[in-house]
1. Filter the stretch 479-531 for residues that are open to solvent by 50 Å² or more (accessible area, probe 1.4 Å) and touching a Pro at 6+ places or on another chain (Cβ under 7 Å) and give the result.
2. Restricting the stretch 381-401 to residues that are basic (K, R) and open to solvent by 70 Å² or more (accessible area, probe 1.4 Å), which is modelled with the highest pLDDT?
3. So, in the stretch 589-636, exactly how many residues are of a type in the set (S, T, N, Q), open to solvent by 60 Å² or more (accessible area, probe 1.4 Å) and either within 15 Å of A477 (Cβ to Cβ) or without any contact (Cβ under 8 Å) to a residue 24 or more places away in the chain (or both)?
4. Given the conditions (1) touching a residue at least 24 places away in the same chain (Cβ under 8 Å); (2) under 30 Å from E22 (Cα atoms), and given that A90 satisfies all but one, which numbered condition is not satisfied?
5. Looking only at the stretch 358-380, count every residue that is under 23 Å from the mean Cα position of the chain (by Cα) and open to solvent by 30 Å² or more (accessible area, probe 1.4 Å) and tell me the total.
6. I need the full set of residues from the stretch 407-428 which are at pLDDT 90 or above and surrounded by fewer than 16 Cβ atoms within 10 Å (Cβ to Cβ), in order please.
7. What residue, of V685, V675, is open to solvent by 70 Å² or more (accessible area, probe 1.4 Å), aliphatic (A, V, I, L, M) and touching a residue at least 40 places away in the same chain (Cβ under 8 Å)?
8. How many of the residues in the stretch 440-475 are under 18 Å from G517 (Cα atoms), without any contact (Cβ under 8 Å) to a residue 60 or more places away in the chain and within 25 Å of the chain's Cα centre (by Cα)?
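The values are calculated or read from the model by the stated rules, or taken from the named source; none is laboratory data. It should be emphasised that the depicted structure is a prediction, and the values quoted were computed from it without experimental measurement. We place every Cβ from the backbone using ideal geometry, glycine too, and count neighbours over all the protein chains shown. Side chains are part of the model used for accessible areas, which takes the heavy atoms of the whole protein and leaves out ligands, DNA and RNA. Shrake-Rupley method; radii C 1.70, N 1.55, O 1.52, S 1.80 Å.
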Amino acid sequence: MAISRQTQDLLAKGDFEAVEDEWLAHLEEDPHDLDHFVGVARALVGHGQPGRASNLLEMLAGELAGRQSHRIRLNLLRRAGEIFHSTPEALHASILATLSALYGGGPSFQGLAETVGLLRATHDVPKTWEKVERLESLVAFELGEIVFMEGKGAGRVVEVNLQLQTFRVEIPGLPKMAVGFRAAPKLLKRLNGDHFLHRKLTRREELAAIAKEEPPELLRILLCSYDGPLTATEIKRDLAGLVPDSAWTSWWTAARRHSQVVVSGAGSRQTYSWAASNEHALASVWKAFEKADPRKKIDLYRREGGRDEELRERMEEVLSAVASRAVASDPSLALEMWLALDKDGRAPDGEPWSASALLATRPDPRHLIIGVEDRALRERAYLLLRQLREDWSRHFAAALLKEDDARTLELLTSALAEEDPGAFGRFFDTVLAQPAKSPAAFVWLAEQAAEHSEIRARSPLRLFQQILGALSLNELAPYRASRVMALFDSGSTVPRLLAHLSEDEAARAWEAVDRAGYLETYRRDDLKRAIELRFPLLRAVEEVLPLYGLPATLEARRAELHQILAKEIPANRKAIEEARAMGDLRENFEYKSARQRHEYLTSRAAELKIQLDRARPLDLATIDPSEVRIGTTLELAGDGETSTLSILGPWESDPDAGIVSYESELGQSLLGKKVGDLAELGGGVLEIRGIRVYGG
């Protein structure tokens, strides 16, 4: 207990009159200092002065009651009530009187006190305090109180039902909800009158006026109502009805520019808080900058450096020092820091980590630039590369296959179109041949085809088939729901490709759609109808064509289907349930990942079922190698070089290993040719020198 040295000396001397004088002086100065008063009272009891201690505490209790400090008086009773009350019943009566002074104005106080049993067993002091805690947990939700329920919002208590022991809560836009007395302390939180959500319910017009006239002030009220920072999503949720959606962007831009708004984190997890002053805000930013990893330092410099010139200069010194150390171990980081400083015209010249030093001397600057994580800075690096090097177009063409941002891909292709018109065609052919190797580039290319007929006309059937195939590729899973599926919408790429197909190509497109089990039924049916409308002769030809494959390949596909149905889908269902149990699905990465995995597994299983229904084993023993057939290997020669190429089913296709599908354009063009015939491959003409059964 907090007893001063002077009081301890007086107690040791037995000068209790002086102790009392000191007590009275302190009572005038700070009657709320319970640590001192309770400590002195217990010391007096220990020195054989219980009566004096009782009188002094009773005097303190009276002073607190006179000052309307009923909550502190209740705490005094909890800590030392037995000293100045002769019986448990007397203490109980004092506790009840104090509670009445605190909460007696509420219409439900008396009923709640009876419900928790506070009026019974007045002799059992420990039980009395348990009942007090229970009562206080309930009176917080008195009739008319404004409360908050997680996931629901703020509302008002409109009924206290003592018989059913429930609170009825009315939250705008939701049906009235009944919350039991036992659950209420866990589910509900009482909001004080200054809280933003309390004011939104009780003083809405006042906040609406502030929203129009002083956006930063409304943001201050909101942020200061919470113990921790808020995300932009949470802020927008609370401001619903005060700031219209149509005005949100301009309002938010104006509000968050205030110098006392402190931003933390990045991306969707970026949070906002309100600093006590500009100085506090600057100190918070600097503290965050010091703790941040190197790339977060770049983000903070770009976002917060404009707050204060001195702060900007301190940040620049740190970035320069980090870049100097990183130039050998992580040159992409050093380049990114130089670009960030250069954007503000503050990058130092002549440093080994400058753009001119790094980009002009590296044998393959493409890898250096791709390592720059910020898109805008990466684009700036590409533009500098074009200025610094004559061989920039070669590096641009190589970067196209690795870039994953649509705007950056647009920049690279536009620049190449000016310098080397044929480069785009080579890029198209490379990406179309193997979408899984450049998934971002493939999706971007497919999207571009919706607007540019020259892209659609280049290889319409192949693009059509590859878009369908992309739905089942793991590598394209991040793009499937948001971008690949959109390619099938009316007016997008897939429907527009139909105008560029010949009748023979349309038949093959129809077959590709028919076996695309991973495509939703309604989309598949719509596409088939669209093809039939454009090519009426196809309506009579709906036979299911066989799908040939090696016996081992067919068996592997059957095993894969069994694995998915018997093991992977059940395990995935369990993972979904476990992830759902973690809470808020909007920010639940595990749940989203499990759902995405479920989507892939079900679509893959449907695709395999349809394909296996059509599958026919390829019997190599029956194949006649007198001409190119499915299951043969060709020996090719031309320009002094020889090579081999095998024709197998779509499941065995591996162009890098010299195996092509009989369904591909190349495979179709080779079927039926004989020894001595010429074949066009890779832009050249080769002679077929021999034909043999595959594997022989």
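1. Result: H500, single match.
2. So in the stretch 381-401, the residues basic (K, R) come out as 386, 389, 394.
Then drop every residue that is not open to solvent by 70 Å² or more (accessible area, probe 1.4 Å), which leaves 386, 394.
Numbers: R386: 93, R394: 89.
Looking at the filtered set, the residue picked out is R386.
3. In the first step, residues of the stretch 589-636 are kept if they are of a type in the set (S, T, N, Q); the result is 593, 596, 602-603, 611, 622, 626, 632-633.
In the following step, the residues that additionally are open to solvent by 60 Å² or more (accessible area, probe 1.4 Å) were identified as 596, 622, 626.
Cutting the leftovers down to either within 15 Å of A477 (Cβ to Cβ) or without any contact (Cβ under 8 Å) to a residue 24 or more places away in the chain (or both) gives us 596, 622.
Residues that pass the stated criteria total 2.
4. Condition not satisfied by A90: (1).
5. The qualifying residues number 4.
6. R407, E410, S414, listed by residue number.
7. On the way: V675 fails: touching a residue at least 40 places away in the same chain (Cβ under 8 Å).
One residue alone meets the criteria, V685.
8. 2
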